[in-house]
Amino acid sequence: MPRKSTIPSKPSPKSEEPDWYASPEGRRQTQREFERALKNGTLVRSSGSHVPRTNPDVLKTLLEQAKANATRPVSIRLSVADIELAKDIASKRGTGYQTVLKEAIRQGLRPG
């Protein structure tokens, strides 16, 4: 059985190009290319851009900040007692119980 090509299939007609870059596959490929250029220090401005070249360290910091602020839905099993405790704490604080759980996770993950 022939192996599937790992080279991304880019569109040929110009009219399909914006659609490809907007697709999940196009966004993944663009992200991979960006991260590779950032890692190799070859990230440069395009000929049509009037934005000065950005220091790769600054871009790396911005990318880390974006990841720190991004959220992803997860599903975990917690004991009923822990959920009720989080709800009690949340009602005293005037916040949601999920906020209390997120703060507890963050505090538990801090080094030191």
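Any read-out appearing in this document is the output of simple, stated calculations on the displayed coordinates, not a laboratory observation. Every value quoted in this text rests on a predicted model; they were computed, and no experiment measured them. Here the Cβ is made from the backbone with ideal geometry for all residues, glycine too, and neighbour counts use every protein chain on show.
Values computed for the structure shown
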item	result
³J(HN,Hα), Karplus 6.51/-1.76/1.60, whole Hz, each residue of region 95-112, x for Gly, Pro	10, x, 5, 5, 5, 4, 5, 4, 5, 5, 5, 4, 5, x, 8, 5, x, x
Region 19-112: C-alpha pair distances exceeding 16 Å, %	73 percent
Full-extension gain in nm, Ile105 to Arg77, via 0.36 nm per residue minus C-alpha separation	8.7 nm
Ranked packing of 83-95, 58-70, most packed first, by mean Cβ within 10 Å	83-95, 58-70
Eligible aspartates and glutamates near Lys60 by straight Cα distance, threshold 20 Å, same-chain separation 8 or greater	Glu33, Glu35
Aspartates and glutamates whose Cα lies under 20 Å from that of Lys87, excluding same-chain neighbours fewer than 8 positions away	Glu103
Ascending count of other beta-carbon atoms within 10 Å, so fewest first, for Thr42, Thr30	Thr42, Thr30
All aspartates and glutamates inside 20 Å of Lys102 as judged from Cα atoms, apart from same-chain residues fewer than 8 positions distant	Glu64, Asp82, Glu84, Asp88
